[in-house]
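All of the numbers you see were taken from the coordinates with simple rules; none came from a lab. Computed from a prediction, not measured in an experiment: that's the story for all the values here. Here the Cβ positions follow ideal geometry from the backbone for every residue, glycine too, while neighbour counts run over all protein chains shown.
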Amino acid sequence: MTIYGRTLAAACVLALCGCEPKQPGPGPATRTAEPARRPAPGLLAAVGRSARAEPAAAATEAAGQAMAHLRAAGVRPAGAIFLDRAADTSPKRVTAIGRCVRRLTGAATCGHGTTPTGREPAVTVLVLGGEGIDVRGFATSGALAGGDPNDTAAARALRRARAERGDALGRQISAAADGGIVLTFGALDADAHASFQTALHKRLRGGAALAGGVGTRSDAVYLPGRPTSVGQLAVVIRGPVRLAVEPVALSNRWNAAATRAEARAAMAAAVRRIAPSRPSLLLTFGRDEHNALLADRAGDVPIFAVSCTGQAGTDASGKLHAGTGRLIVAALAAQ
Amino acid sequence: MISATPTAAGLFATVLAAASVCGAEPPRPRAARLFAAVGVSTGSDAARAGERAARSMLAKFRAAARRPAVAIFLDRTARGSAKAGGAIGDRVRDVCGAPTYGSGGRIGPAGVTWWAKRDREPTFLVLGLCGAAVAVRPYVASGASPSDKPAAEAQARALGRQVARPGRPAAALLLGGLTGETGGAFLAALQESVGSKMPLLAAVGAPGDYVYANARAAAGADGHRVAVGQLLLVIEGDFAVATAGVVSRNVGDAQAVLAEADTVARHAVEALAASPCRAVLAVSDAGRLRASALDRPGTERARLCAAFGRDVPVFGCFSFLQAGLDNRGRFSVGRERLMLVALGDAPPASRPGGPRP
């Protein structure tokens, strides 16, 4: 067995044992990923993707692809975000992927696992690097499942719980530092994630550009130093970077031509808003088929497509758009 | 002294006036203006609630010395069935004494009417319309909700093909139950068939909702007048039609949701221009109601009434899926929408018997 193989096997054994090296952090619900390592000039983003079924193999392949770009540019990674799409997403699987990504990138790593909504399973890894760039993850744990749909009191209590969850995540982020770019992921009911996103945005006092979405109620989130569990994840990117978010409420997603036109217009608007900087990364939060409409439109700019059933994003005036049936397109660039 | 002998000038004026009278068109009967009223009743017994709502609506018509030409109802009292729906619809029809159409089904996830005092309160809502040559043409697509997108599109196109281009101003209202994904495909395909003829407004409930199309009037019940399926009502007459709609920016923000209701209503009022609004058909999203912490359907309805006028009846419900034309005149289908069609008096120039340019 090669050294590489032995390392991989060791990682798998650790994952199966459920072991995770503990790291210092502010508390069980607010563990932050490790700080960025030696900074590199500019902002560089790279995305790797693998459709392998075995989690460690998929993570290794995807992270390897992304890291190859950073190594070629001589840039050290500042943070990594991974997405796992699998029919059997479980905390154990997500932990195994997270450990592999973290080991290969050597950077602050966080991510989440969700079940695909039609397209094939895959692991996607985004690695960010650059001078002064700080990537940190914040998470809240526990599922917020829907109750009896005919019980008004239960629905109201659930809505309050979602808002409290968003507020709690916002407090964690605010306590760490002000401003920054916030990307949200995780487990929430698509129909009612807006109350979570609204509370989070309110707590950030509009001081952060926000883009994100939610997958299913059982999405698992990974942060080193805390048990991987069903929950919500916020990744905060700070440093000399800008994010232009273009939320679009698709008028008729059953009409392919209209949807394509709206999606492309949103991407063009996001790129226009980030100008004169050239985008280093494009992010899309939407349903698989809508994200796919933009896959070939990014040219040589890496695109990180997040499959989600509910979407949220701040527009140019800082107002939050949140709901379902939307497509959030964001452009990230160095200042 | 006053002379009794007619002067030449007087004679000329009399002859001129007589000629003028002979040459004038005979006075045309002035068409009755559009009149609408809603009746609402609460209670889990759909048949009794329907009867009470119909009587309440009828009382408003009597007070105005009018009679409904057509009645449309929304039954959100319980899980409906086509069998029960027939009896309920017939009862409403007997009370109204006019052709009656409607839809009923599950309260809860599929929504509540605008007139429920609280979320998930069972209500029965009846709209009566008369005057201005008002007529309703029903088209029924019966059967279980289509299972896939091609089937839904085929069913919608088949329904749309039956719809003739109306000779008068018209609006199409779709009621009934569909599932989410295929429902969207159904509505998008229906818009392609019907959208060029008239504006389409749709409120989609849960699969299994029943539709009722004037059953007792149908000679020899053919099994399609009361059915599980979709009902497309083409409402036409000598009235002005204005459409408006919006997709919620943030369904979690109650103030934003209410501000959008203001905007939509204002847009429709402006589109009606000088024509006073007489009735509003509006659909909103059950999620928009619940996620925004509004809880009370009346809160959003009150904002609409503030713009249209307190006496203007608002008919419709919070539904699972909505479709209509938005404020930019673009067809919009999906969730988290507020869509409406406002019916107003026809502009004077186009009104029969009214002043002519």
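The residues packed around residue A:171, meaning those with a beta-carbon under 13 Å from its beta-carbon, carry a net charge of +1 if Lys and Arg are +1 and Asp and Glu are -1.
Charge dipole (Cα centre; +1 on Lys/Arg Cβ, -1 on Asp/Glu Cβ; no other charges) of the range B:35-348 amounts to roughly 560 debye. The alpha-carbon of residue A:319 sits under 28 angstrom from the alpha-carbons of these lysines, leaving out residues fewer than 8 places away in its chain: A:202. Between the alpha-carbon centres of the range B:60-74 and the range A:180-234 there is a gap of 51 Å. Placing +1 on each Lys and Arg Cβ and -1 on each Asp and Glu Cβ, with no other charges, gives the range A:228-335 a dipole about its Cα centre of roughly 260 debye. Going 7 Å from the Cα of residue B:270 along its beta-carbon direction, which residues of the range B:311-346 have the amide nitrogen within less than 15 Å of the resulting point? Once the point is set 7 Å along Cα→Cβ of residue B:270, B:326-330 turn out to lie under 15 Å by backbone N, inside the range B:311-346. Ranking of B:228, A:301, B:112 by neighbouring Cβ atoms within 10 Å, starting from the fewest: A:301, B:228, B:112. The dipole here belongs to the range A:32-334: it is taken about the Cα centre, uses +1 on the Cβ of Lys and Arg and -1 on the Cβ of Asp and Glu, and is about 560 debye. For the range A:32-334, a/c is less than 1.5, where a ≥ b ≥ c are the root eigenvalues of the C-alpha gyration tensor. That puts it in the rounded class. Ranking B:132, B:199, B:252 by how far each Cα lies toward the positive end of the dipole of the range B:35-348 (charges on Cβ) leaves B:132 at the top.
Counting Lys and Arg as +1 and Asp and Glu as -1 over every other residue whose Cβ lies under 9 Å from the Cβ of residue B:249, the net charge comes to -2. Report relative contact order for the range B:35-348 in percent, whole number only (criteria: Cα-Cα under 8 Å, sequence separation at least 6). It comes to 22 percent, rounded to a whole number. For the range B:35-348, the residue among B:329, B:162, B:277 whose Cα projects farthest onto the positive side of the dipole built from Cβ charges is B:277.
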